[in-house]
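Taking it in order: structure first as structure tokens, then the write-up.
The values are calculated or read from the model by the stated rules, or taken from the named source; none is laboratory data. From a predicted model like this one, the values you see are computed outputs, not experimental measurements. Don't worry about glycine lacking a Cβ; one is built from the backbone with ideal geometry, like all the others, and counts go over all protein chains shown.
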Ligand SMILES: [Fe+2]
């Protein structure tokens with residue numbers, strides 16, 4: 001089975017987010033698997049990816065091959081590429097949604113700036129769902145946040161909502177925050193930050209363990225603090241450079257020989273003690289396995 005082989009093959013490359021993410025043990029967790037997808041940019045047309053629908057399809061095929069199957073998929077923003085007109089934007093949301101619904105697997109999204117910045121998330125809410133919300137799976141608390149629709153911040157109103165929701169949950173339960181932009185200053189000149197991140201994370205300071213899964217930067221990077229781990233997912237559309245030695249953020253043309261280079265997704269297995277094993281599936285590895293089988 002391609003998906004399983006892919007998992008074992010790529011576990012070794014997972015240098016940035018080791019296994020056992022939740023340092024503190026919890027009880028009452030029902031083990032489950034979920035997938036972290038990000039930055040699918042449906043509707044993009046250009047040299048960075050000449051077929052964004054195709055690379056999403058490949059990602060969904062890799063997910064379909066997973067055994068055991070994931071219970072759900074989280075998508076951390078930039079589901080669609082921004083467009084000038086509402087008609088085009090709407091069509092892109094519909095295309096994204098229909099591909100995701102075609103998997104038969106529930107999915108939970110947060111908006112990226114491409115989806116929501118031009119109209120404060122109005123169309124996103126109609127096409128996809130609420131900009132922020134909370135859900136629980138197997139004893140793990142998920143907080144889906146919007147840190148893009150009016151700029152790179154969460155804002156007073158959403159933080160007030162968050163404070164109220166936090167009171168309803170057990171701070172000992174493993175907690176996962178989903179957001180598009182990182183909740184730290186990863187690289188401010190490229191908007192790789194959330195400017196009220198410290199205020200947001202302060203609300204969780206009495207929590208045992210918090211994991212932030214984000215997108216936006218189209219590459220694997222993570223940051224570990226005493227009780228908070230933040231980890232980016234891969235894009236299914238194009239990789240971006242590290243913020244080193246470049247003044248301007250620019251994507252590069254898609255490789256002709258390895259068009260799937262740097263694209264992929266993550267598979268996360270939550271164990272009975274709240275531990276979390278994270279594996280990265282690289283689409284180029286999947287393709288090589290197809291070619292050799
Ligand atoms: Fe993106």
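Could you list, in sequence order, all residues of segment 114-123 that are assigned to a helix (DSSP H, G or I), touching a strand residue (DSSP E or B) at 6+ places or on another chain (Cβ under 9 Å) and surrounded by 16 or more Cβ atoms within 10 Å (Cβ to Cβ)?
114, 115, 116, 117
Could you name every one of the strands (runs of 3 or more DSSP E) located completely within segment 124-220 that has at least 1 residues being within 16 Å of the ligand (Cβ to nearest atom) and buried (at least 23 other Cβ atoms within 10 Å of the Cβ)? Lay out the reasoning, then the answer.
Details: elements: 133-137, 140-144, 175-178, 210-214.
Of the strands (runs of 3 or more DSSP E) lying wholly inside segment 124-220, those with at least 1 residues that are within 16 Å of the ligand (Cβ to nearest atom) and buried (at least 23 other Cβ atoms within 10 Å of the Cβ) span 175-178, 210-214.
Test residue 5 against the stated conditions and say whether it is more than 16 Å from the ligand (Cβ to nearest atom) and at pLDDT below 95. Quick ask: steps written out before the conclusion?
Working: more than 16 Å from the ligand (Cβ to nearest atom): yes; at pLDDT below 95: yes.
So residue 5 passes the test.
How many residues does segment 221-270 hold that are closer than 22 Å to residue 51 by Cβ, part of a loop (DSSP other than H, G, I, E, B) and either within 16 Å of the ligand (Cβ to nearest atom) or touching a helix residue (DSSP H, G or I) at 6+ places or on another chain (Cβ under 9 Å) (or both)?
Total satisfying the criteria: 19.
Is it the case that some residue within segment 101-111 is more than 16 Å from the ligand (Cβ to nearest atom), part of a helix (DSSP H, G or I) and surrounded by fewer than 21 Cβ atoms within 10 Å (Cβ to Cβ)?
yes
Return the pair list, or none, for Cβ contacts closer than 9 Å from residues in segment 59-88 that are more than 21 Å from residue 234 (Cβ to Cβ) and in contact (Cβ under 8 Å) with a residue 24 or more places away in the chain to residues that are within 16 Å of the ligand (Cβ to nearest atom) and in a helix (DSSP H, G or I), at least 6 apart or on different chains.
83/89; 83/92; 83/114; 83/118
In segment 228-240, which residues are closer than 15 Å to residue 202 by Cα and either surrounded by 21 or more Cβ atoms within 10 Å (Cβ to Cβ) or in contact (Cβ under 8 Å) with a residue 60 or more places away in the chain (or both)?
Result: 229, 230.
The rows are residues; the columns are (1) over 25 Å from residue 207 (Cβ atoms); (2) touching a helix residue (DSSP H, G or I) at 6+ places or on another chain (Cβ under 6 Å).
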| position | (1), (2) |
| --- | --- |
| 80 | yes, yes |
| 118 | yes, no |
| 132 | no, yes |
| 135 | no, no |
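Which of the residues that make up segment 73-100 are buried (at least 20 other Cβ atoms within 10 Å of the Cβ) and either away from the ligand (no atom under 16 Å from the Cβ) or in a loop (DSSP other than H, G, I, E, B) (or both)?
73, 77, 78, 79, 81, 100
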